[in-house]
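Chemist: Just passing along the structure, written as structure tokens.
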């Protein structure tokens, strides 16, 4: 628990404050800085940023790094301003303060998640561990083996009664079927596949892996057909992916077929028809 009474107002120059990517997980918003520069620098609008004073003498931004970057860009980086200063914080406490101070701000989910990892929050640590087990990294860095879809990861992680079981199964399937590709770890793919797994207790994962691995066009083809379902039925893309995966699994299968649904028939018939998906 962090005692907010431990903070003090001190005069600190923005030039003397730096970032730690484990805590300041979101980058400086350069577009915002440039926009404010065009509007004209106003010291009164800088407010009172919040920093952590570390024992080795460095200051780390907890809140206000964009305003600090604006001060530097405007040529006022060496000018001391009032800042709220916390001392003797651990790394996890710094991350918790970053999360709390930015809770109502528009911080992208990936940056909040990365701060949660630094803060040691159990769910974030477990999601990171499961991803790493299959060679994935939760990151905004781009690249084939990086996953930035933290909203989907959290949704899948919490979707089973045993937290993490479905996420483990989903990452197992996509990795075995397609390796590390951005389409394989797409948010719609993760949520759609999780939906199939959670609703199908008799599903054989290894059979599903073989079927998915044989799909011409791989995960990008499945995502495209999922978007086609959305256009035809008004469902979400994830729901469309769910249906495409079911159809792939059922193809040439005589027993243990998964239930599917399709778009409603024309209004005059009053009945529903099952959509046929070309694989």
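The values are calculated or read from the model by the stated rules, or taken from the named source; none is laboratory data. Computed from a predicted model, the values in this text were never measured in an experiment. Heads up, the Cβs are rebuilt from the backbone with ideal geometry, glycines too, and the neighbour counts pull from every protein chain shown.
Chemist: Restricting attention to the stretch 15-32, does a residue exist that is assigned by TED's automatic domain parsing to the domain that holds residue 98 and at positive phi?
Modeler: No, the conditions are met nowhere in the stretch 15-32.
Chemist: Still on this model: For residue 169, are the conditions met, namely being over 21 Å from residue 258 (Cα atoms), within 21 Å of the chain's Cα centre (by Cα) and either at pLDDT below 95 or assigned to a helix (DSSP H, G or I) (or both)?
Modeler: So residue 169 does not fit the description; no.
Chemist: Moving to a separate point now. Is one or more of the residues making up the stretch 2-13 closer than 30 Å to residue 148 by Cα, touching a residue at least 60 places away in the same chain (Cβ under 8 Å), surrounded by 13 or more Cβ atoms within 10 Å (Cβ to Cβ) and under 32 Å from the mean Cα position of the chain (by Cα)?
Modeler: Checked the stretch 2-13: at least one residue is closer than 30 Å to residue 148 by Cα, touching a residue at least 60 places away in the same chain (Cβ under 8 Å), surrounded by 13 or more Cβ atoms within 10 Å (Cβ to Cβ) and under 32 Å from the mean Cα position of the chain (by Cα).
Chemist: Just to be sure, is residue 97 closer than 14 Å to residue 20 by Cα, in a loop (DSSP other than H, G, I, E, B) and modelled with pLDDT of 90 or more?
Modeler: Taking the combined requirement at face value, the residue does not satisfy it.
Chemist: Taking residue 64, is it touching a residue at least 12 places away in the same chain (Cβ under 8 Å), on the phi > 0 side of the Ramachandran plot, in contact with a strand residue (DSSP E or B) (Cβ under 9 Å, 6 or more places away or on another chain) and surrounded by 12 or more Cβ atoms within 10 Å (Cβ to Cβ)?
Modeler: Yes: the conditions hold for residue 64.
Chemist: OK, next. I'd like to know if the stretch 188-204 contains one or more residues that are touching a helix residue (DSSP H, G or I) at 6+ places or on another chain (Cβ under 9 Å), crowded, with 16+ Cβ neighbours inside 10 Å, at pLDDT 95 or above and not in a helix (DSSP H, G or I).
Modeler: Among the residues of the stretch 188-204, not one is touching a helix residue (DSSP H, G or I) at 6+ places or on another chain (Cβ under 9 Å), crowded, with 16+ Cβ neighbours inside 10 Å, at pLDDT 95 or above and not in a helix (DSSP H, G or I), which makes the answer no.
Chemist: Here is a follow-up. Among 23, 28, which is the only one that is touching a residue at least 40 places away in the same chain (Cβ under 8 Å), surrounded by 14 or more Cβ atoms within 10 Å (Cβ to Cβ) and under 14 Å from residue 77 (Cβ atoms)?
Modeler: That would be 28, the only listed residue that is touching a residue at least 40 places away in the same chain (Cβ under 8 Å), surrounded by 14 or more Cβ atoms within 10 Å (Cβ to Cβ) and under 14 Å from residue 77 (Cβ atoms).
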